[in-house]
Amino acid sequence: MQEKRAASKRLSRRTMFAALLILIVIPATIMLGIFVLDDRKYYFISLLIVLYTMIPFVMVFENRKPQARELIVIAVLAAIAVAGRGAFFMLPQFKPVVAIVIIAGVCFGAEAGFLVGATAGFVSNFFFGQGPWTPWQMFCFGLIGFVAGILFKKGLLKKTKLSLCVFGGLATLVIYGGIINLGSLLMVTPSFSWAALLATYASGFWFDLVHAIATVFFLFVISGPMIEKLERIKMKYGLMDSQDGMQR
């Protein structure tokens, strides 16, 4: 019994490959866009990130054909994240995107979490404005969903409101805020300095704090009913195994 539990918590080769893409290839691609392409080919970089994201997600179906309803669920979650970001456009930083991405990662696996986050960041910026910040936002949103999926698989993140809210607040403040502020600095100046980075973090802290509070608020409000409905869909249609992403 213990061996089965331990096996269920092991990361698959697919997830390890996804981690390689997310933690090495995607950051290298973003750096390529900044230092080689002068931040002028952000559409190209964004599309590359979407492509990288789809590779491990497609590998989920290596032993079977995908069902349309499986893809629809992921597409709907991304659409909800986009709609949620647009619905709260009048409140800077107060958005439900990270909350929805975390729920996607917890319910459907790390790869799905990254795909929902990256897609939501790319598509929503057609309304908010595309720019060199788009690849950074895609990476941040997606990374949080990926980490949520891995931590849930390892048993370190639970589907309780307390666990999700604590993780959501910290992830938004540390992961999203930490990376996006670095990106902001690199977008405005080619010369890096620790003093400039510290100033960027200080000036962006309150924006990051509001974003983190928003994530905690939305997780507290929507995580329970949303996860319950998604679990019903999974059980009713046999879409995705709760312990291994979308494998049956």
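Taking the stated definitions as given, is Gly33 at pLDDT below 85, part of a helix (DSSP H, G or I), among the small types (Gly, Ala, Ser) and out of contact with any strand residue (DSSP E or B) (no Cβ under 7 Å at 6 or more places or on another chain)?
Numbers: at pLDDT below 85: yes; part of a helix (DSSP H, G or I): yes; among the small types (Gly, Ala, Ser): yes; out of contact with any strand residue (DSSP E or B) (no Cβ under 7 Å at 6 or more places or on another chain): yes.
It is true that Gly33 is at pLDDT below 85, part of a helix (DSSP H, G or I), among the small types (Gly, Ala, Ser) and out of contact with any strand residue (DSSP E or B) (no Cβ under 7 Å at 6 or more places or on another chain).
Looking at the stretch 94-119 only, could you name the residues that are among the small types (Gly, Ala, Ser) and more than 8 Å from the chain's Cα centre (by Cα)?
Residues satisfying the conditions are Ala99, Ala104, Gly109, Ala110, Ala112.
Would you pick out the residues in the stretch 36-49 that are assigned to a helix (DSSP H, G or I) and either among the basic types (Lys, Arg) or out of contact with any Ser or Thr (no Cβ under 7 Å at 6 or more places or on another chain) (or both)?
First pass over the stretch 36-49, keeping only residues assigned to a helix (DSSP H, G or I): 42-49.
Listed by number, the residues that qualify are Tyr43, Phe44, Leu47.
Among Ala99, Ala18, Ala83, which is assigned to a helix (DSSP H, G or I), modelled with pLDDT of 85 or more and under 19 Å from Phe146 (Cα atoms)?
Values: Ala18 fails: modelled with pLDDT of 85 or more; Ala83 fails: under 19 Å from Phe146 (Cα atoms).
Within the list Ala99, Ala18, Ala83, the selection yields Ala99.
Output yes when any residue across the stretch 194-201 is of a type in the set (Ser, Thr, Tyr), assigned to a helix (DSSP H, G or I) and modelled with pLDDT under 95, and no when none is.
The first filter runs over the stretch 194-201 and keeps only residues of a type in the set (Ser, Thr, Tyr), leaving 200-201.
Filter once more, keeping what is assigned to a helix (DSSP H, G or I): 200-201.
From what is left, the residues that are modelled with pLDDT under 95 are 200-201.
The answer is yes; a qualifying residue exists.
Among the residues of the stretch 144-173, which ones are closer than 14 Å to Ile22 by Cβ, of a type in the set (A, V, I, L, M, F, W, C) and crowded, with 24+ Cβ neighbours inside 10 Å?
Step one: of the stretch 144-173, the residues closer than 14 Å to Ile22 by Cβ are 144-150.
Still in the running and of a type in the set (A, V, I, L, M, F, W, C): 144, 146-148, 150.
Across the stretch 144-173, the qualifying residues are Ile144, Phe146, Ala148.
Return the pair list, or none, for Cβ contacts closer than 6 Å from residues in the stretch 73-91 that are at negative phi to residues that are among the charged types (D, E, K, R) and outside any helix (DSSP H, G or I), at least 6 apart or on different chains.
Filtered contacts from the stretch 73-91: Arg85/Lys95; Phe88/Lys95.
In the set Thr200, Thr189, which member is over 27 Å from Phe114 (Cα atoms) and among the hydroxyl-bearing types (Ser, Thr, Tyr)? Even if it seems obvious, please write down each step before you answer.
Values: Thr200 fails: over 27 Å from Phe114 (Cα atoms).
After applying the criteria, what remains is Thr189.
Out of the stretch 131-176, which residues are closer than 17 Å to Lys95 by Cβ and among the hydroxyl-bearing types (Ser, Thr, Tyr)?
Across the stretch 131-176, the qualifying residues are Thr134, Thr172, Tyr176.
With respect to Phe207, determine if the residue is more than 18 Å from Val147 (Cα to Cα), modelled with pLDDT of 90 or more, among the aromatic types (Phe, Trp, Tyr) and assigned to a helix (DSSP H, G or I). Show your work before the answer.
Numbers: more than 18 Å from Val147 (Cα to Cα): yes; modelled with pLDDT of 90 or more: yes; among the aromatic types (Phe, Trp, Tyr): yes; assigned to a helix (DSSP H, G or I): yes.
Yes: the conditions hold for Phe207.
Going through Ile55, Ile49 one at a time, which residue ends up being at pLDDT below 85, more than 26 Å from Ile227 (Cβ to Cβ) and surrounded by 14 or more Cβ atoms within 10 Å (Cβ to Cβ)?
Values: Ile49 fails: at pLDDT below 85.
Criteria check complete, one pass: Ile55.
Taking helices (runs of 4 or more DSSP H) that do not extend beyond the stretch 125-193, which have at least 2 residues that are more than 24 Å from Ile34 (Cβ to Cβ), touching a helix residue (DSSP H, G or I) at 6+ places or on another chain (Cβ under 6 Å) and in contact (Cβ under 8 Å) with a residue 40 or more places away in the chain?
Details: elements: 134-153, 161-170, 177-188.
By residue number, 134-153, 161-170.
Going by what's in this entry, would Ser242 be described as among the hydroxyl-bearing types (Ser, Thr, Tyr) and at pLDDT below 85?
yes
The values are calculated or read from the model by the stated rules, or taken from the named source; none is laboratory data. It should be emphasised that the depicted structure is a prediction, and the values quoted were computed from it without experimental measurement. A quick note on method: Cβ atoms are made from the backbone with ideal geometry, for glycine too, and the neighbour counts reach across all protein chains shown.
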